[in-house]
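The structure appears right after this line, and notes come after that.
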Amino acid sequence: MLRCAWCMKKIKENDPVYGLSVKFADGVDYSGSEGRMIHIPLSTRNTSVPMVVTTKESEAKKQGTDGIFALCRGECWKKMKETIAKEITTFEYSKDITQN
Ligand SMILES: [Zn+2]
C-alpha cells in the first residue's frame, strides 16, 4: 500500500497517484535500497517521508530518476515539489512524471 509522501494518507489501489521523480544530489547514495520503499529525511520539514528507490535496470533510472515520490493529489504534489527545491543537499532536482 502506497502512502502519500506529503500528507501520509493511504493511496488505495484505484485512486489516482501523482508521481514526482527526483534525482539525488552528488554524494547521496541509496543504491543499497534499490527497488524498495525507504524513508528519506527532509530537513526543512523535520521528518522522513516514504520514497521508492528506482532500480538500475529501470526505464526511470535510465532517464536520470533516482527515486519516486507518490502523492495523493495535486496539492500534495505541488508542496512536495516546492520542498524538494529547498532540500538541495539531498536532491538535485525533481520532475513531473504524471500528465494529469
Ligand atoms: Zn497527500
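Throughout, read-outs are computed from the coordinates displayed, never taken from laboratory work. All values derive from a computational prediction rather than experimental measurement. Positions of Cβ are backbone-derived with ideal geometry, glycine not excepted, and every protein chain shown enters the neighbour counts.
Determine, for 22, 53, 17, the number of other Cβ atoms within 10 Å of each Cβ, and report the residues in order from fewest to most.
Lowest to highest Cβ neighbour count: 17, 53, 22.
Could you list, bin by bin from short to long, the percent of Cα-Cα pairs of the stretch 56-100 in 5 Å steps?
5, 19, 30, 24, 17, 6, 0
At 7 Å along the Cα-to-beta-carbon direction for both residue 88 and residue 14, put a label point, then send me their distance in nm to one decimal.
Each label point lies 7 Å from its Cα, and together they span 4.6 nm.
What percentages make up the Cα-Cα pair-distance distribution of the stretch 4-92 when the bins are 10 Å wide from 0?
17, 53, 28, 2
For 89, 83, what ranking results if the residue with the fewest other Cβ atoms within 10 Å of its Cβ goes first? Before the final figure, lay out the partial values.
Numbers: 89 10, 83 19.
Result, fewest neighbours first: 89, 83.
If I model a spin label as a point 7 Å beyond the Cα along the Cα-Cβ vector, how far apart are those points for residue 73 and residue 1 in nm?
1.9 nm
Starting from the Cα of residue 62, draw a straight line to each of the aspartates and glutamates and keep only those under 19 Å, dropping any in the same chain fewer than 8 residues away.
Cross-link targets: 26, 29, 34, 92, 96.
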